[in-house]
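The values are calculated or read from the model by the stated rules, or taken from the named source; none is laboratory data. Here the structure is a predicted model, which is why all the values come from computation and not from measurement. Don't worry about glycine lacking a Cβ; one is built from the backbone with ideal geometry, like all the others, and counts go over all protein chains shown.
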Amino acid sequence: MSTTNQGSSAAPAPAVDEALPDLDTGRSGGRALRNNAATVLVWLAFLIALIPLVWILWIVVSKGWHSVASMTWWQKDQSGALPPGFDTNIRGARHAIVGTVEIGLITSLIAIPIAVMTAIYLVEYGRSGGRTNARIARVVSFMVDILSGIPSIVAALFVFAVWVTTLQQQLVPICVALALTMLMIPVVTRSTEEMLKLVPNELREASYALGVPKWKTVVRVVLPTAISGIITGALLGLARVLGETAPWLFLTTYFQYLTYNPAASAGIASLPTLIYNQSGNISSPISADRVWGGALTLILLVLAINLLGRLIGRLTRVKR
Amino acid sequence: MSSITGVSVGDGLSDPSDGPDPGAGASTGTTGDRVFGGLAMGAGLLVVVVVALVGIFLLAQAIPAIGKDQINFLTSREWNAAGQRFGIAQLLWTTVVSSVVALLLAVPFSVGIALFLTHYAPAWLSRIGAVLIDLLAAVPSIVYGIWGIYVVAPKFTHVQNFLQDWLGWIPLFKAVPGVTGGATILMVSVVLAVMILPIITALSREVFAQTPVTHKEGALALGATRWEMIRTAVLPFGRPGVISASMLGLGRALGETVAVLFILTALPGGQRFTASLMNGGATFASQIAGDAPENQNNADAMGALIAAGLVLFILTFIVNAIARVIVERRREFSE
């Protein structure tokens with residue numbers, strides 16, 4: 001029985017071929033060949049793209065892990081570091097980690113409220129707030145796109161042009177936070193916008209039907225519904241700006257001692273500038289260890305924030 | 001109101017028929033609405049103002065600097081910010097060429113990977129693959145820079161020597177005397193291609209996944225192979241999305257700073273122009289970042305850098321505006 005069943009299920013196709021020899025059944029050599037070639041090329045594209053990823057991660061981990069694995073790396077700064085070639089201690093990167101995280105927090109404090117309010121304006125007022133609001137919202141939306149395309153070096157130049165050239169102030173680490181804010185706002189605005197659009201309109205209507213004013217509807221109904229997505233977007237935005245180097249190079253000086261003061265005119269350290277500062281002497285093993293250790297620490301930091309964001313997004317996703 | 005009879009507002013609730021609505025005196029929230037709406041609009045307008053200020057400040061400080069320029073700002077190839085002799089021709093060439101070559105390298109791969117993730121890979125591999133590509137986007141640009149110059153460049157030298165020996169008769173691959181090792185425009189393009197690949201892939205994947213199932217089933221029902229279905233249904237639907245994603249990637253490549261600063265050899269002044277990708281040089285971003293630290297107290301030199309920054313800003317503005325227009329048109333078309 002089973003053999004006849006198999007035979008009958010496989011039989012029709014060749015039968016059709018023989019019965020209608022002029023009809024193209026999709027098996028002509030050229031078409032099949034092209035189909036297979038496309039499959040091979042698409043697989044190749046994916047596999048080739050994995051090469052740089054695996055290569056970078058392998059290099060950074062293999063060259064950086066023994067710096068990162070030692071406790072001194074996390075506990076000490078670079079105080080007492082001798083000129084390259086004379087130093088025998090790697091010392092630590094605590095100053096750079098503290099600087100990166102601290103400026104990152106300041107950036108978040110400024111950028112997230114502005115970005116979330118902008119997204120609220122675009123979604124809650126731009127879509128249903130009359131013609132004037134709709135028109136303004138279009139301009140705002142366009143400008144958010146332009147802001148997201150501004151290179152980090154241009155953001156740094158702008159902060160310099162305002163802070164130093166126009167206001168005649170001394171450069172302080174907060175300037176870096178201001179430049180990073182410009183880069184973070186569009187990322188968070190866009191992700192928050194997407195999340196607010198996901199909130200079902202029935203929730204807003206139910207709230208209005210109960211006589212709740214619009215602002216309270218937004219604050220008490222819409223935002224809590226979308227909060228996990230907003231947090232995810234904010235963390236992804238933070239992870240993106242922490243990897244930037246240009247504003248650090250431009251707007252502050254690398255300071256090799258631990259400091260918590262974001263208004264210190266001596267500057268502050270960061271992981272990107274630690275890498276940049278030490279890469280000039282990468283031929284010396286100590287400096288090389290610092291460079292690759294710093295790179296691994298930076299990747300770990302960015303990755304940790306990234307994963308935390310995704311985890312929050314997954315655990316508390318809006319259920320529709 | 002019920003206060004005339006001495007009963008409280010709450011008592012009135014039990015019998016709504018007697019007297020006017022007890023909730024009439026409650027706040028309708030117009031003040032709160034006005035404050036909150038004003039804050040939201042203020043945040044939106046702040047973004048508009050910041051972008052406008054970027055343009056205004058850069059313009060206002062670039063014009064006097066260009067006025068002090070000893071040589072032609074647009075056509076000269078010399079760059080000496082501190083000496084007030086600066087022209088952008090060489091920077092513009094290096095910036096545009098390195099980014100365009102990076103784009104040409106990255107787009108075919110991105111489209112291939114996006115198709116792989118949406119139409120070829122099994123579900124589990126598709127999920128992992130998307131995470132891996134996102135991981136590539138999470139690598140900071142300075143790490144690409146040190147990887148590029150210290151790890152890839154020594155190996156890439158062989159590839160470049162091969163290209164120079166065999167294809168050197170094409171102006172693009174002509175050997176440039178004085179530029180050795182891997183630190184060339186071609187090498188920068190390869191690294192930039194790796195850096196913009198995740199962005200283009202992510203956006204392309206999104207549009208490919210949105211292809212209407214009816215289009216795909218229609219193609220398959222007509223007897224199309226998988227590749228023919230993709231060619232006739234998925235690619236035409238996704239084309240505007242891929243183009244706008246490429247534009248965003250191009251914008252990213254144009255403005256990339258540190259990776260280029262690390263990799264590209266600075267050229268000695270007064271070198272003859274060559275169209276070769278085997279040349280060194282500097283892009284707008286890398287020149288600005290390289291010059292800035294030593295010139296921060298020199299207002300004239302900073303003016304020159306701001307002028308270069310203005311050109312870069314205009315360049316990325318145009319590219320991003322094009323991407324935006326393509327997206328808008330597609331939205332109108334599909335709705």
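Consider segment A:152-162 and keep the residues that are without any contact (Cβ under 8 Å) to a residue 24 or more places away in the chain and either crowded, with 21+ Cβ neighbours inside 10 Å or more than 8 Å from chain B (Cβ to nearest Cβ) (or both). The one that is farthest from residue B:252 (Cα to Cα) is A:161. Here A:104, A:85, A:99, A:92 are screened, and the one residue that is at pLDDT below 85 and within 28 Å of residue B:135 (Cβ to Cβ) is A:92.
Consider segment B:226-246 and keep the residues that are polar (S, T, N, Q) and under 23 Å from the mean Cα position of the chain (by Cα). The one that is nearest to residue B:116 (Cα to Cα) is B:246.
From the list B:282, B:275, the lone residue that is in contact with a strand residue (DSSP E or B) (Cβ under 9 Å, 6 or more places away or on another chain), touching a residue at least 40 places away in the same chain (Cβ under 8 Å), aliphatic (A, V, I, L, M) and part of a loop (DSSP other than H, G, I, E, B) is B:282. Close Cβ contacts (under 7 Å, 6 or more residues apart or on different chains) running from residues in segment B:126-145 that are closer than 17 Å to residue B:200 by Cβ to residues that are outside any helix (DSSP H, G or I) and of a type in the set (Ser, Thr, Tyr) comprise B:141/A:245. Scanning segment B:218-227 for residues that are part of a helix (DSSP H, G or I) and at the interface with another protein chain (Cβ under 7 Å from one of its Cβ atoms) yields B:226, B:227. Taken together, B:198, B:154 contain a single residue that is without any contact (Cβ under 8 Å) to a residue 40 or more places away in the chain and either out of contact with any Lys or Arg (no Cβ under 8 Å at 6 or more places or on another chain) or not basic (Lys, Arg) (or both), which is B:154. In the set (1) modelled with pLDDT of 90 or more; (2) more than 18 Å from residue A:112 (Cα to Cα); (3) out of contact with any Ser or Thr (no Cβ under 9 Å at 6 or more places or on another chain), residue A:219 fails one condition alone, (2). Among the candidates B:141, B:126, the residue that is modelled with pLDDT of 85 or more, of a type in the set (S, T, N, Q) and over 29 Å from residue A:64 (Cα atoms) is uniquely B:126. Per the conditions (1) in contact with a Leu (Cβ under 7 Å, 6 or more places away or on another chain); (2) more than 14 Å from every other protein chain (Cβ to nearest Cβ), the sole criterion not satisfied by residue B:230 is (2). For segment A:175-209, the set of residues classified as farther than 16 Å from residue A:140 by Cα and surrounded by fewer than 20 Cβ atoms within 10 Å (Cβ to Cβ) consists of A:197, A:198, A:200, A:201, A:202, A:203, A:204, A:205, A:206, A:207, A:208, A:209, listed by residue number.
Condition test on residue A:117, is it at the interface with another protein chain (Cβ under 7 Å from one of its Cβ atoms) and farther than 25 Å from residue B:314 by Cβ? Against the criterion (at the interface with another protein chain (Cβ under 7 Å from one of its Cβ atoms) and farther than 25 Å from residue B:314 by Cβ), residue A:117 qualifies. Filtered by the rule that a residue be under 16 Å from residue A:176 (Cβ atoms) and facing chain B (nearest Cβ under 9 Å), segment A:274-300 gives A:275, A:276, A:298.
Quick check on residue A:183: is it more than 9 Å from chain B (Cβ to nearest Cβ), within 23 Å of residue A:150 (Cα to Cα) and either part of a loop (DSSP other than H, G, I, E, B) or not hydroxyl-bearing (Ser, Thr, Tyr) (or both)? Steps first, answer last, please.
Values: more than 9 Å from chain B (Cβ to nearest Cβ): yes; within 23 Å of residue A:150 (Cα to Cα): yes; either part of a loop (DSSP other than H, G, I, E, B) or not hydroxyl-bearing (Ser, Thr, Tyr) (or both): yes.
When the stated conditions are applied, residue A:183 passes them.
Would you point out which residue out of A:271, A:236, A:258 is modelled with pLDDT of 85 or more and surrounded by fewer than 24 Cβ atoms within 10 Å (Cβ to Cβ)?
It is A:236.
In the set (1) outside any helix (DSSP H, G or I); (2) buried (at least 21 other Cβ atoms within 10 Å of the Cβ); (3) at the interface with chain B (Cβ under 8 Å from one of its Cβ atoms), residue A:92 fails one condition alone, (3). Residue pairs whose Cβ atoms lie under 7 Å apart, separated by 6 or more positions or on different chains, with the first residue in segment B:40-68 and more than 7 Å from chain A (Cβ to nearest Cβ) and closer than 19 Å to residue A:146 by Cβ and the second crowded, with 23+ Cβ neighbours inside 10 Å and β-branched (Val, Ile, Thr), are B:62/B:306. All told, residue A:110 falls short of being in a helix (DSSP H, G or I), within 22 Å of the chain's Cα centre (by Cα) and at pLDDT below 90.
Of the residues making up segment B:311-330, those that are in contact with a helix residue (DSSP H, G or I) (Cβ under 6 Å, 6 or more places away or on another chain), more than 30 Å from residue B:66 (Cβ to Cβ) and more than 9 Å from chain A (Cβ to nearest Cβ) number 2. Residue B:207 meets all of the listed conditions (1) away from chain A (no Cβ under 14 Å); (2) among the hydrophobic types (A, V, I, L, M, F, W, C); (3) surrounded by fewer than 19 Cβ atoms within 10 Å (Cβ to Cβ) but one, namely (3). The residues of segment B:239-266 that are part of a helix (DSSP H, G or I) and free of Cβ contacts under 8 Å to residues at least 40 places away in the same chain amount to a single one, B:239. Close contacts from segment A:206-220, counting a first residue that is more than 7 Å from every other protein chain (Cβ to nearest Cβ) and without any contact (Cβ under 8 Å) to a residue 60 or more places away in the chain and a second that is among the charged types (D, E, K, R) and surrounded by 13 or more Cβ atoms within 10 Å (Cβ to Cβ), with Cβ to Cβ under 6 Å and a gap of 6+ residues or different chains, come to A:217/A:204. A single entry from A:164, A:139, A:144 fulfils the requirement of being in contact with a Ser or Thr (Cβ under 7 Å, 6 or more places away or on another chain) and part of a helix (DSSP H, G or I): A:144.
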